[in-house]
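Participant: Quick one: the structure is below, questions incoming.
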Amino acid sequence: MPKGHGLEGDDAHKKVASLIERLAPGDIQGLKPGQVRYTMITNAEGGVLDDLMIARPAEPGAAGDLYIVVNAGCKHQDWALIEEATKGEANLVRADDRCLLALQGPSAHVVAAAVIDPALAEMSFMSVKRYDAFGRLTVTRSGYTGEDGYEILVRAEHATDLANALLAHAEVKPIGLGARDSLRLEAGLCLYGHDLDATTSPIEADLAWTIQKRRREAKDFPGAARISDELANGAKRKRVGIRPNDRAPAREGVEIQVAGRRVGVVTSGGFSPVLNAPISIGYVDTEFAELGAGIDLIIRGQARPATIVPLPFVPHKYHRPQKA
Amino acid sequence: MTTRFTKDHEWVRLEGDVATVGISTYAAEQLGDVVYAELPAVGASFAQGADMAVVESAKTASDVYAPISGEVVDANAEIKGENWQIINDAPQDGGWFVKLKIANKAEFDALMDEAAYADYVKGL
């Protein structure tokens, strides 16, 4: 949590956000109070070092605060990079005394309203708000399941109480990472280290939407040369959805061929319980990335036909209230 | 009829020189709902321990190894017909994978019996 000093309100936010923008191509300065944004840390070659969520709290006392949630597997690298980018200009605080719980699914708003605060039901997708419950909670309406839901930052000493209170609700069941992975795959979301890595650009990953106009024009982020070129001229390969034509799941590492020639690789794959069918995410050379195109998946040495399909596999169900 | 088990959770039941092979109840429970399985063709031969079949759940893909050496003389038509559910419903009965004509009965005799396998699973 970097915090700028000596400045107030929007100036404090812009100052801290500009430091993070040294690492990330997202428009962090443009975050409104109470808004959350998905972005990534890129390297000089335009590859993705991590994908992350950044939240700007709305509370008046929090001016200049940003909450940054990174992948646990990347936290040491990310910490070093953010520390370097903010050195002497912002304070960086590790949330080792906090836990992050995710409450996800169509009934999440009912449970959140009952267990935490009725106001949670009114939050929009990708917003952040603090609540005086279970110590003090910082809640975002977000998640990585493609479903409606919340991610809740809670002080460690209250985390067990909060988890138990949520679990006591009839609509709540605990799930593990396997179930989470099925959901994020159905939602067509990237898993870092699998669908994204230091050689993959955000454009190849079909994440151009995370790079807002001001940053595209300024070209002032790591890897801007490659990323700008790919934005203008297209990338050589592209992340796509894949539906095997038969029942055999194609998992990470399965080679993708067209007419016997290697044109790509599966980066995540498995079985969708919602569709009752195997699904995969992979990268293919752009000329083979057209929707509806046929490809072969080489599973245990055997070529199996499959089709390029749109992502997500299962429509997202985020809570976005209609604007009046 | 004796059923014997491997550390990789295959079971084998021997009648004459034909062994019926499948995955154990424990293995089926660990996998969860089976969403795909691939059996070898009749006539294929396997050495003990060789990759013989594949079984997949939403969670993971698992290799099934030949618990003893032999030649495939039959493969379960239910599984070939994509009735994966039978593997969860009756893993040690109707959910069998293949029948092998065995080459060496000593390989069978050296596997764990039911009690030894139960102890083995308890220690996992």
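Throughout, read-outs are computed from the coordinates displayed, never taken from laboratory work. Everything quoted here is computed from the prediction, not taken from an experiment. Every residue, glycine among them, receives a Cβ derived from its backbone with ideal geometry; neighbour counts consider all protein chains shown.
Participant: Using Cα pairs closer than 8 Å and at least 6 residues apart in sequence, work out the relative contact order for the range A:98-169, in percent.
Facilitator: RCO, the range A:98-169: 38 percent.
Participant: Could you go through the range A:225-242 in sequence order and give the Karplus-derived ³J(HN,Hα) for each residue, using 6.51 cos²θ - 1.76 cosθ + 1.60 with θ = phi - 60°, rounded to whole Hz, and x for Gly and Pro?
Facilitator: Taking θ as phi minus 60°, the curve returns 4, 5, 5, 5, 4, 5, 5, 7, 10, x, 9, 6, 9, 9, 7, 9, x, 9 Hz for the range A:225-242.
Participant: Relative contact order (percent) for chain A, with alpha-carbon contacts under 8 angstrom and 6 or more residues of separation?
Facilitator: 17 percent
Participant: Which whole-number percent gives the relative contact order of the range A:189-309, counting Cα pairs below 8 Å spaced six or more residues apart?
Facilitator: Normalised by residue count, the contact order of the range A:189-309 is 25 percent.
Participant: Continuing with this model, one more query. Kindly provide the helix-only [θ] at 222 nm of chain B, computed as the sum of -39,500 (n - 2.57) over DSSP H runs of four or more divided by all residues, to the nearest 500 deg cm²/dmol?
Facilitator: Rounded to the nearest 500, it is -5500 deg cm²/dmol.
Participant: How long are the semi-axes of the ellipsoid equivalent to the range A:98-169, from square roots of 5 times the Cα gyration tensor eigenvalues, in whole Å, largest first?
Facilitator: Sorted largest first and rounded, they come to 17, 13, 12 Å.
Participant: Let me see the pair-distance distribution of the range A:189-309: every alpha carbon pair, 10 Å bin width, integer percents in order.
Facilitator: Result returned by the calculation: 14, 42, 29, 13, 2.
Participant: Something else now. What average number of partner chain Cβ atoms lie no more than 10 Å from the Cβ of the residues making up B:52-61?
Facilitator: For peptide B:52-61, the averaged partner shielding equals 5.
Participant: Quick one: divide the alpha-carbon radius of gyration of the protein assembly as shown by 2.2 N^0.38 Å and tell me what you get.
Facilitator: Dividing the Cα radius of gyration by 2.2 N^0.38 Å gives 1.17.
Participant: Of all the C-alpha pairs in the range B:32-124, what % are more than 17 Å from each other?
Facilitator: 56 percent
Participant: Amide H of residue A:263 versus every other amide H placed in the peptide plane: which residues, excluding those fewer than 5 positions away on the same chain, fall under 5 Å?
Facilitator: Correct list: A:256, A:257, A:258.
Participant: Could you tell me the distance between the Cα centroids of the range A:94-127 and the range A:160-222, to the nearest Å?
Facilitator: If you average the Cα positions of each part, the centres end up 17 Å apart.
Participant: OK, next. With springs connecting C-alpha atoms under 10 Å apart, model chain A as a Gaussian network and identify which of A:51, A:96, A:161 has the largest mean-square fluctuation.
Facilitator: A:96
Participant: Same structure, new question: When chain A is modelled as a GNM with alpha-carbon springs shorter than 10 Å, which of A:233, A:245, A:91 fluctuates the most?
Facilitator: Of A:233, A:245, A:91, the most mobile in the Gaussian network model is A:233.
Participant: I'd like the orientation of helix A:156-167 relative to chain A: the angle between its Cα long axis and the longest Cα principal axis, in ° from 0 to 90, rounded to 10.
Facilitator: Roughly 60 degrees between the two axes.
Participant: Going highest first, how would you order B:5-14, B:109-118 by mean Cβ packing within 10 Å?
Facilitator: So the peptides B:5-14, B:109-118, ranked by packing, come out B:5-14, B:109-118.
Participant: HN-Hα J couplings of the range A:143-151 from phi, Karplus 6.51/-1.76/1.60, θ = phi - 60°, integer Hz, Gly and Pro as x?
Facilitator: x, 9, 10, x, 9, 5, x, 9, 10
Participant: Just to confirm a number: summing +1 for Lys and Arg and -1 for Asp and Glu over residues other than residue A:96 whose beta-carbon lies under 12 angstrom from that of residue A:96, what do you get?
Facilitator: +3
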